[in-house]
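Data first, discussion second: the structure below is written as structure tokens.
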Amino acid sequence: MEALCQFFAIYGSLVNFIGINALLALSLYLTMAAGQLSLGSAAFAGIGGYTAGILTMKLGVPFLLSVAAGSILSGLVGLIIGLPVLRLRGVFLAIATLSFGEVVRIAVLNLDITGGAQGLVGIPNLTKTWGIYLALAVAGYTIARLRHSRIGWCFESIREDETAASAMGINTTYYKTLSFVLGAILAGFAGGLYAHLNYIITPREFGFSVAVDLLIFNIVGGIRVWYGPVLGAVLLTALPEILRGTGVTAGPIRMALNGLILLLVILFLPNGLVSIFGRTGQEREKAPVDAVPEEG
Amino acid sequence: MDLLAQQLINGLFIGSVYGLFAVGYTLVFGVLDILNLAHAAVFTLGGLLALWLVETGGLSIWLAFPVSVLCCGILGLLLDRVAFVPLRQRADSNFSGLISSIAMAIIFESAALGLFGARTVRFPAHTVPVHIWRWGGISITSLQVEIVAISLLLMVALTQFLNRARAGKAIRAVAENDRTSRLLGIHVDGIIAFTFFISSALGGAAGILFGLYFDSLSPDMGRSIELKGLAVIILGGMGSIPGAILGGLAFGLSEVLTVAITGTSNLRDAVAFTVLFAVLILRPSGLLGRKKMREA
């Protein structure tokens with residue numbers, strides 16, 4: 001027990017960050033499950049975080065209510081943005097969501113209510129570690145259940161082949177938007193928790209590089225199963241600490257190692273690290289490594 | 001009036017650097033349909049390497065420029081070999097290529113950080129002798145003229161090369177359809193490697209000019225131009241060289257005009273990204289893009 005307390009005293013904030021990052025990675029996973037590449041999830045986390053933070057700080061709204069409000073607002077923005085943007089595919093969708101993310105970041109940077117570049121300071125410290133992990137467990141369980149529901153199958157068919165899915169009578173616009181909005185809601189929720197963890201949030205924490213980090217968590221962990229992104233988030237968030245433990249302190253080396261891990265995973269494990277731990281026959285069938293190149 | 005004219009001229013100068021950067025971006029996209037997110041890291045390395053050659057190597061900038069550009073071209077070959085060749089046969093090479101280019105971007109950036117340090121540096125004074133010409137209230141420096149001349153020269157040379165030279169025509173053929181090109185006896189893999197060489201060399205040249213123009217270089221200077229470059233190639237139409245040039249100029253102008261009209265630089269990027277977002281939704285093929293690029 002004493003050892004556990006000591007561990008928490010040293011690594012408590014790391015444990016919290018791992019949980020938040022896992023939630024954020026799952027929010028992107030929801031959107032990627034339907035084959036949609038979004039680089040805007042960090043911005044949705046920002047919308048949720050700032051909304052929740054402002055509500056608790058300036059209006060005295062109870063913690064859970066303000067986090068919920070941030071998450072709902074983020075979902076609404078996701079709906080408004082998602083409807084026009086999801087007509088785009090692949091790289092174009094990524095760029096559109098990226099530019100949305102930049103607009104949000106610049107808006108937050110210039111508004112008075114968000115505190116500008118200094119950030120929103122003085123958010124009460126209300127998020128507890130157990131709360132984060134409860135949320136993670138609920139989100140993980142829900143997403144795992146979703147996988148074998150009608151919604152899950154529709155997402156998967158759209159990811160595999162959107163044209164074919166649409167020919168089979170699936171309302172692709174509906175399901176793509178659903179995946180986008182669900183992702184935005186979860187990201188907003190995680191953002192709200194994050195805001196109440198840290199006393200301060202700044203626009204930088206929701207920028208492009210964070211969106212890329214979330215994508216990396218998903219790719220390194222693997223996007224075929226829901227625990228892939230969680231695994232990626234846990235490993236890559238803990239990696240700097242592990243490296244510090246082994247004596248590697250130089251910033252560039254740590255960064256290069258991050259890049260190297262990502263490169264090795266995408267080259268040799270296209271389904272992510274989870275594919276190391278035994279693949280089911282079904283998943284092996286889907287491994288895209290030996291697939292026939294598309295007509296280009 | 002003079003102020004406005006001065007702003008327009010400044011916009012054209014910086015726009016030509018954006019254009020040069022974006023041309024390399026769009027060239028690779030046109031040929032491979034892959035967004036090469038490591039382009040900005042090559043841009044950074046180009047600038048820093050030229051500075052190192054001038055400062056430590058004692059070379060004149062007129063010698064350091066081509067040497068550094070050549071090195072960037074070789075980095076491009078490396079990039080292609082490590083990050084893109086192994087993925088080429090995969091069905092999802094657009095997506096996995098994007099990811100592996102992110103990995104290479106992280107590795108390149110950490111190399112820049114490790115080799116040149118994290119500080120912001122500048123070319124020594126009088127690297128390029130500067131004269132200032134004035135007409136009424138307008139002033140133009142010889143450095144600005146040289147920058148715009150070099151970037152225009154490089155862009156015109158590239159256009160001529162693609163239109164007339166045998167290798168240039170081969171690049172266009174591969175961009176059109178790589179399988180047919182292979183059947184016609186074009187060495188497709190060599191042409192793709194060559195495209196990366198040209199693209200990265202141009203990116204490095206843009207990095208040097210950018211560093212000279214703003215008189216500051218840092219390992220993360222690629223971050224901001226990365227997003228601007230995306231905006232430029234979307235605006236001009238993915239894969240279109242004249243589109244990238246015009247898009248770059250338009251983007252440079254929009255930046256200085258936003259600053260001139262609003263009086264602050266806060267909203268400079270917001271306008272650009274809003275325009276980008278609108279273009280993506282209303283006319284995804286861009287201003288000069290080909291229709292077939294829509295759903296890459």
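Here are some notes:
- Residue within the stretch B:77-88 that is surrounded by 14 or more Cβ atoms within 10 Å (Cβ to Cβ), away from chain A (no Cβ under 14 Å) and under 20 Å from B:Ile198 (Cβ atoms) present: yes
- Criterion applied to B:Ile102, B:Ile14 was being over 16 Å from the mean Cα position of the chain (by Cα) and modelled with pLDDT of 85 or more, and the one residue passing it is B:Ile102.
- Subset tally (residues that are in a loop (DSSP other than H, G, I, E, B) and in contact (Cβ under 8 Å) with a residue 12 or more places away in the chain) for the stretch A:99-114: 2
- Checking B:Ile34 against (1) modelled with pLDDT of 90 or more; (2) over 19 Å from B:Ile208 (Cα atoms); (3) surrounded by 22 or more Cβ atoms within 10 Å (Cβ to Cβ); (4) not polar (S, T, N, Q), the condition it does not meet: (1)
- You will find that of A:Leu136, A:Leu65, the residue that is away from chain B (no Cβ under 14 Å), more than 22 Å from A:Leu28 (Cα to Cα) and in a helix (DSSP H, G or I) is A:Leu65 and no other.
- Tally, over the stretch A:59-85, of residues that are open to solvent by 20 Å² or more (accessible area, probe 1.4 Å) and either of a type in the set (A, V, I, L, M) or at pLDDT below 90 (or both): 16
- Pairs where the first residue, in the stretch B:232-258, is touching a residue at least 12 places away in the same chain (Cβ under 8 Å) and away from every other protein chain (no Cβ under 13 Å) and the second is of a type in the set (S, T, N, Q) and assigned to a helix (DSSP H, G or I), C-beta under 6 Å, 6+ apart: B:Ile241/B:Thr159; B:Ala244/B:Thr26; B:Val256/B:Gln7; B:Val256/B:Asn10
- The residue that is farthest from A:Ser71 (Cα to Cα), among those in the stretch A:173-193 that are within 12 Å of the chain's Cα centre (by Cα) and open to solvent by 20 Å² or more (accessible area, probe 1.4 Å), is A:Leu182.
Rundown of residues vs (1) modelled with pLDDT of 80 or more; (2) under 18 Å from A:Ala94 (Cβ atoms); (3) in contact with a strand residue (DSSP E or B) (Cβ under 8 Å, 6 or more places away or on another chain), yes/no style:
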site	(1), (2), (3)
B:Ala206	yes, no, no
B:Leu227	yes, yes, no
B:Ala231	yes, yes, no
B:Ser265	no, no, no
B:Gly286	no, yes, no
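- Of the residues making up the stretch B:222-271, those that are polar (S, T, N, Q) and within 14 Å of B:Phe29 (Cα to Cα) number 1.
- Counted residues, the stretch A:49-67 - those being aliphatic (A, V, I, L, M), closer than 15 Å to A:Gly131 by Cα and touching a residue at least 60 places away in the same chain (Cβ under 8 Å): 1
- Filtered by the rule that a residue be closer than 23 Å to B:Ile102 by Cβ and among the aromatic types (Phe, Trp, Tyr), the stretch A:195-215 gives A:Phe206, A:Phe208.
- Taken over the stretch A:153-172, the criterion of being in a helix (DSSP H, G or I) and either surrounded by fewer than 13 Cβ atoms within 10 Å (Cβ to Cβ) or of a type in the set (Lys, Arg) (or both) is satisfied by A:Arg159, A:Glu160, A:Thr163, A:Ala164, A:Ala167.
- Taking the criterion of being within 22 Å of B:Asn36 (Cα to Cα), open to solvent by 30 Å² or more (accessible area, probe 1.4 Å) and charged (D, E, K, R), the only residue of the stretch A:86-128 that qualifies is A:Arg89.
- Residue in the stretch B:259-279 that is nearest to the other protein chains (Cβ to nearest Cβ), counting only those that are among the aliphatic types (A, V, I, L, M) and surrounded by 21 or more Cβ atoms within 10 Å (Cβ to Cβ): B:Leu276
- Yes/no for B:Leu48 being free of Cβ contacts under 8 Å to residues at least 60 places away in the same chain, assigned to a helix (DSSP H, G or I) and more than 10 Å from chain A (Cβ to nearest Cβ): no
- Candidate set from the stretch B:108-135 (those that are of a type in the set (A, V, I, L, M, F, W, C) and surrounded by 23 or more Cβ atoms within 10 Å (Cβ to Cβ)); member that is farthest from A:Leu267 (Cα to Cα): B:Ala112
- Residue satisfying condition, being part of a helix (DSSP H, G or I), open to solvent by 10 Å² or more (accessible area, probe 1.4 Å) and at pLDDT 90 or above, within set A:Leu24, A:Leu4, A:Leu28: A:Leu24
The values are calculated or read from the model by the stated rules, or taken from the named source; none is laboratory data. Everything numeric in this text was worked out from a predicted model, so none of it was measured. Note: ideal-geometry Cβ built from the backbone for every residue, glycine included; neighbour counts use all protein chains shown. These accessible areas exclude ligands, DNA and RNA; they are computed on the full protein's heavy atoms, side chains included. Shrake-Rupley method; radii C 1.70, N 1.55, O 1.52, S 1.80 Å.
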